[in-house]
Amino acid sequence: METLYERLDGGIALLRINRPEARNALNMAVREQIAAHVAAMTHDAELHCLVIAGTPKVFAAGADIKAMADAGASEMMLRGSDAIWQVLRDCPKPLIAAVNGWALGGGCELAMHADIIIAGDGARFGQPEIKVGIMPGAGGTQRLTRSVGKFKTMKMLLSGEPISAIEAERMGLVSEVVPDDEVLDRALALARAIAAMPPIAARRIKQLVLTGADMPLGAALAMERTAFELLFDTQDQKEGMRAFIEKRAPRFVGR
Ligand code: DAK
């Protein structure tokens, strides 16, 4: 299988891209499998967080160059490869990218579709599409700019040069850098911690951060206020605050 999907205890799932002989390049099969697994996880009421990882030496080296080298514009459009990105964009539950090794092109864009990026200290991020005559097509020009600003983005996109995990963290592209052999454990521990939080609050936070970023500040703040108030109609808000007052651990039920 080019991807491996496991439901783990603690309300989390792990999705691994497993095509190391092609540096985990995202061919059509890998994209379709990622989309199917993310959709399945989204609709699984027992799951509250998904970790997306590659293999020890590479997260993903981007779209499969061999599979698109001879394609024309219409064919690229008809392949409908935006579906995978749409499923990721639509996922209301927290996604964590666990990045070891290369995250290039569509691989870097895949990581940027996550909500949190945990990177190994040997990881390298880049958008080298220009070197093969194209440009980022899955959000690289926009997500990177929104994460790290114009000047860092322009340098990465126009030169195609990769950056280190440390540099990525300094720029704001990575949430946390850990030793390479601790990436998956750290990502899974964080996923379990998030999955133990009240899921409605987690969803609202994700929704507000992502939707609000594209809105005028006043409207986004008004939307935040409404979402904040609505959480007071959940059982988990009552339980969370009662547990704090009674000095005990909360038991969240997701309602
Ligand atoms: N595609 C296809 N095959 C790849 C590949 C890729 N992206 N990356 C590596 N491979 C294959 C190599 O061809 C080689 O295959 P064989 O020769 O063994 O048959 C094998 O993997 C091992 O590669 P290397 O020998 O190069 O391995 P190294 O460890 O030395 O180097 C590397 C690893 C990741 C630094 C290097 O392989 C590399 O630079 N790869 C290319 C990276 C790249 O240019 N990525 C950008 C691809 S363009 C779209 C949205 C998004 C996109 C497209 C469409 N739509 C919405 C329509 C995204 C486009 C891209 O990502």
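Just a few scattered comments:
- Test for Ile84: is it more than 9 Å from the ligand (Cβ to nearest atom) and either of a type in the set (S, T, N, Q) or not in a loop (DSSP other than H, G, I, E, B) (or both): no
- In the range 1-25, the residues that are within 17 Å of Ala61 (Cα to Cα), hydrophobic (A, V, I, L, M, F, W, C) and in a strand (DSSP E or B): Leu15, Ile17
To keep it simple, each residue is scored yes or no on (1) under 29 Å from Leu104 (Cβ atoms); (2) exposed (fewer than 12 other Cβ atoms within 10 Å of the Cβ).
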{"residue": "Met171", "(1), (2)": "yes, no"}
{"residue": "Ile200", "(1), (2)": "no, no"}
{"residue": "Ala213", "(1), (2)": "yes, yes"}
{"residue": "Arg248", "(1), (2)": "no, yes"}
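- Scanning the range 207-247 for residues that are over 27 Å from Val148 (Cβ atoms), in contact (Cβ under 8 Å) with a residue 24 or more places away in the chain and outside any helix (DSSP H, G or I) yields a count of 1.
- Just one of the listed residues (Ala103, Ala187, Ala119) is in a strand (DSSP E or B) and touching a residue at least 60 places away in the same chain (Cβ under 8 Å), and it is Ala119.
- Among the residues of this structure, Gly106 does not count as one that is closer than 14 Å to Arg19 by Cα, buried (at least 23 other Cβ atoms within 10 Å of the Cβ) and within 12 Å of the ligand (Cβ to nearest atom).
- All positions within the range 109-125 that are out of contact with any Pro (no Cβ under 8 Å at 6 or more places or on another chain) and either of a type in the set (Ser, Thr, Tyr) or away from the ligand (no atom under 15 Å from the Cβ) (or both): Ala114, Ile117, Ile118, Ala119
- Residue within the range 61-80 that is crowded, with 19+ Cβ neighbours inside 10 Å, closer than 16 Å to Ile12 by Cα and under 16 Å from the mean Cα position of the chain (by Cα) present: no
- Restricting attention to the range 31-60, the residues that are surrounded by fewer than 19 Cβ atoms within 10 Å (Cβ to Cβ) and basic (Lys, Arg) total 1.
One line per residue, one yes/no per condition, for (1) within 16 Å of the ligand (Cβ to nearest atom); (2) among the charged types (D, E, K, R):
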position: Ala25; (1), (2): yes, no
position: Val51; (1), (2): no, no
position: Met68; (1), (2): yes, no
position: Asp90; (1), (2): yes, yes
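Every read-out reported here was derived from the displayed coordinates using simple, explicitly stated rules and does not represent laboratory data. Nothing here was measured: the structure is a model prediction, and the numbers come from that model. Here Cβ is always computed from backbone atoms with ideal geometry, including for glycine, and neighbour counts include all displayed protein chains.
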